[in-house]
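The structure appears right after this line, and notes come after that.
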Amino acid sequence: MKQQNRLFLAICVAVATISINPAWAAWEPTKPVEFIIPAGPGGGADQMARMIQGIITKNNLMKQSVIPVNKAAGAGAEGFLAMKEAKGDPHKIVITLSNLFTTPLATGVPFNWRDMTPVAMMALDQFVLWDNAEKPYKTAKEFIDAAKAAGPGKFKMGGTGSKQEDQIITVALEKATGTKFTYIPFKGGGDVAVQLVGNHIDSSVNNPIEAVAQWRAGKLRALCVFDEKRMPYKEKITPTQSWYDVPTCKEVGVPTDYVMLRGIFMSPGVSQDQVDYFIGVLKKVRETPEWKKFMADGAFNQTFMTGQEYVNWLGKNEALHVKLMKEAGFIAQ
């Protein structure tokens, strides 16, 4: 009996020790988390980061606040280098787009995605060929034919940044169709949509979320999506069209496709417990009705990855971007 009492007492002491010893507790942030956005205000990355922050706040998914900060200088290099330099700091996260690959290749800035800690792929973003709804060409083929007829460089293609995703797609479009555009870079996708509404450019390859408001308002026209299959969302955005009604560019004789990462990373040197904490938060974000509506409104490909699967995807897409950048002549010498 005494031996049983001693055993019971030992168990009680152990339980008490576990409950008061913070080393046994799951990690969580102890101060506000800086959410770095390596792109300008109004673009796809900015909108997604602020949506995530808003969902976390509204649903009390974290005890600490999340503070979005745009660090867009140098095609996002400012934000990526800030993460690289914050080694071991679990109170910084960053949303990434494909400038994760293109910026170091185009500029030679000393950064690689392996300099950060992958957390989760939140989605893949589409690219749509847009024109102004006032223009006479109503299909991608009519638009391409008009661009060819106008002559090399007469049509202006607006995009976010230089030697990044939008210009890569523009070069691929030129090679696939025999057209030649004058590419005009802007700070963000929001700026691009405004310029296209104002007829200061002839077309863009904006993400759906960056131009959906202008499409819904009847100011822009969605000509085709640069993907192998149509977007699955069938709820009408305009009086006559849903995202599903937008044909793939391949369907209409423009054999070009490209999708973009929307992923989350942490600083280098953080622990697996710290990574797991943010994976858990992001999984809860994805379950909310606000996120599901955001995904549908922006016609996102809702692929979600973590761990080795995500790392493998990053490696493959880095190699793809090296190939695309070489073909476009965008690699820094």
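Observations on the structure shown:
- The condition of being out of contact with any Pro (no Cβ under 8 Å at 6 or more places or on another chain) and either modelled with pLDDT of 95 or more or not assigned by TED's automatic domain parsing to the domain that holds Tyr310 (or both) does not hold for Lys87.
- Top-ranked residue in region 167-184 [being out of contact with any strand residue (DSSP E or B) (no Cβ under 6 Å at 6 or more places or on another chain) and in a loop (DSSP other than H, G, I, E, B); ranked as surrounded by the most Cβ atoms within 10 Å (Cβ to Cβ)]: Thr179
- Check on Asp145, under 26 Å from Met295 (Cα atoms) and either more than 21 Å from the chain's Cα centre (by Cα) or among the aliphatic types (A, V, I, L, M) (or both): no
- Pairs where the first residue, in region 206-217, is closer than 19 Å to Lys292 by Cβ and the second is among the hydrophobic types (A, V, I, L, M, F, W, C), C-beta under 6 Å, 6+ apart: Pro208/Val128; Pro208/Ala299; Arg216/Ile237
- Scope region 257-291; condition modelled with pLDDT under 95 and either part of a helix (DSSP H, G or I) or of a type in the set (Val, Ile, Thr) (or both); matching residues: Val259
- Subset of region 314-332 [surrounded by 13 or more Cβ atoms within 10 Å (Cβ to Cβ) and over 18 Å from the mean Cα position of the chain (by Cα)]: Val322, Leu324, Met325, Glu327, Ala328, Phe330, Ile331
- Within region 292-308, being at pLDDT below 95 and in a loop (DSSP other than H, G, I, E, B) holds for Gly298, Ala299, Phe300, Gln302, Thr303.
- The residues listed here are Val311, Val254; of these, the one that is among the β-branched types (Val, Ile, Thr), surrounded by fewer than 17 Cβ atoms within 10 Å (Cβ to Cβ) and not in a strand (DSSP E or B) is Val311.
- Residue within region 221-235 that is small (Gly, Ala, Ser) and assigned to a helix (DSSP H, G or I) present: no
The values are calculated or read from the model by the stated rules, or taken from the named source; none is laboratory data. On a predicted model such as this, the values are computed, not experimentally measured, just so you know. So basically every Cβ, Gly included, is an ideal-geometry build from the backbone, and we count neighbours across all protein chains shown.
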